[in-house]
1. Which one of these does residue 68 not meet: (1) touching a residue at least 40 places away in the same chain (Cβ under 8 Å); (2) within 19 Å of residue 44 (Cβ to Cβ); (3) surrounded by fewer than 17 Cβ atoms within 10 Å (Cβ to Cβ)?
2. Considering each of 73, 61 in turn, give the residue that is modelled with pLDDT under 95, surrounded by 18 or more Cβ atoms within 10 Å (Cβ to Cβ) and within 27 Å of residue 36 (Cβ to Cβ).
3. If a residue has to be in a strand (DSSP E or B) and either exposed (fewer than 12 other Cβ atoms within 10 Å of the Cβ) or touching a residue at least 12 places away in the same chain (Cβ under 8 Å) (or both) to count, how many in the stretch 35-57 make the cut?
C-alpha cells in the first residue's frame, strides 16, 4: 500500500512539473515606460506607443475608437532607420491576429490604430519579419 501511494505521488509530481512548462503568457498590460518626459506603453528600452489625440484622461486603447499614436524605437535607432517594421496584434481570448501597421523605421512614426475587441492583446513588433520585441496592452 505504501509503495503504491509513493508511485502515485511520484507520478503526480512529474505531471505537475511538466504541466508547468512556462508557456503561459502573462496577459496583463505592460507598465508605462518614461522616455524624455513622455510616458509610453511598450517594451522598456526598445519600443513604445503613446496616444497623441483624444481625451488625456481616457484609457490609452478604446474599443472601436481609433486614435493617433506615436510609435517610437528607443535603442539602436541609427541601425534600424530604413528597415521595415510591422505591428501585429494577437487577442488573448480569440487568438485573432491583426496587422496594425507597417512602415519604414524613422525613429518615431505616427499611426492611426484601432481595435474592434476588448481585452488583452499582445503586440509583436517585427523588423524585417523577425520579432524585435513584444508587449501586452488592454483595450477597454
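The values are calculated or read from the model by the stated rules, or taken from the named source; none is laboratory data. Not measured: the values here are computed from a predicted model. We place every Cβ from the backbone using ideal geometry, glycine too, and count neighbours over all the protein chains shown.
1. Here residue 68 meets the rest and fails (2).
2. Working: 61 fails: modelled with pLDDT under 95.
None of the other options fit; the residue is 73.
3. Taking the stretch 35-57 first, the residues in a strand (DSSP E or B) are 35, 38-43, 47-51.
Add one more test, that the residue is either exposed (fewer than 12 other Cβ atoms within 10 Å of the Cβ) or touching a residue at least 12 places away in the same chain (Cβ under 8 Å) (or both), and what stays is 35, 38, 40-43, 47-51.
Going through the stretch 35-57 one residue at a time, the tally reaches 11.
Rundown of residues vs (1) surrounded by 12 or more Cβ atoms within 10 Å (Cβ to Cβ); (2) modelled with pLDDT of 95 or more; (3) outside any strand (DSSP E or B), yes/no style:
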residue: 79; (1), (2), (3): no, no, yes
residue: 87; (1), (2), (3): yes, yes, no
residue: 95; (1), (2), (3): no, yes, yes
residue: 101; (1), (2), (3): yes, yes, no
residue: 117; (1), (2), (3): yes, yes, yes
residue: 120; (1), (2), (3): yes, yes, no
residue: 132; (1), (2), (3): yes, yes, no
